[in-house]
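Read through the structure below, which is laid out as structure tokens, and then see the notes.
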Amino acid sequence: MIDSMRAWPAMATLLALAACATYAPTPFWTIREAAFRDLKPGVSTREDVRKQIGVPLSEMHFPRQDEDVWEYRYLEGATVTMTAYLYFDSQGVYKNIFHLYVPRTLR
């Protein structure tokens, strides 16, 4: 009984870490601009994007526009950090993308 009581905190920590690992964003240094080129507005879905690019840095919902926006950081070239905002309609279909340069002071 004492051994199982000692193991409980370790098991709880392990389960918590495993749960976080599934939702951890894809590291930005593993994503390149080319990953976004195959996305087709009106055709690609959220599932397609997640398979092709990975887990977004953030997911936002805008009720007035009835759309979702996913944020990804990625590298352009070897050192330029960019942000991509992917827009989805209410059915989860990809609409468009907006790329933004991330100044060095904001990283």
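The values are calculated or read from the model by the stated rules, or taken from the named source; none is laboratory data. All values reported here derive from a predicted model rather than from experimental measurement. Using ideal geometry, Cβ is built from the backbone for each residue, glycine included, and neighbour counts are taken over all protein chains shown.
Would you check if there is a residue in the range 56-77 being basic (K, R), loosely packed, with under 13 Cβ neighbours inside 10 Å and farther than 15 Å from R32 by Cβ?
Scanning the range 56-77 turns up at least one residue that is basic (K, R), loosely packed, with under 13 Cβ neighbours inside 10 Å and farther than 15 Å from R32 by Cβ.
Does Y101 qualify as being under 23 Å from A34 (Cβ atoms) and in contact (Cβ under 8 Å) with a residue 24 or more places away in the chain?
no
Can you name every residue in the range 44-61 that is part of a strand (DSSP E or B) and either among the polar types (S, T, N, Q) or at pLDDT below 95 (or both)?
Selection gives T45, S58.
Under the condition of being at pLDDT 95 or above and either out of contact with any strand residue (DSSP E or B) (no Cβ under 6 Å at 6 or more places or on another chain) or aromatic (F, W, Y) (or both), which residue from the range 94-107 is surrounded by the most Cβ atoms within 10 Å (Cβ to Cβ)?
Y94
L75 - would you say it is under 14 Å from the mean Cα position of the chain (by Cα) and not in a helix (DSSP H, G or I)?
Taking the combined requirement at face value, the residue does not satisfy it.
Is there any pair linking a residue in the range 29-43 that is more than 13 Å from L86 (Cα to Cα) and of a type in the set (A, V, I, L, M) to one that is at pLDDT 95 or above and in a helix (DSSP H, G or I), with Cβ under 9 Å and at least six apart or on different chains, and which?
So the pair list comes out empty.
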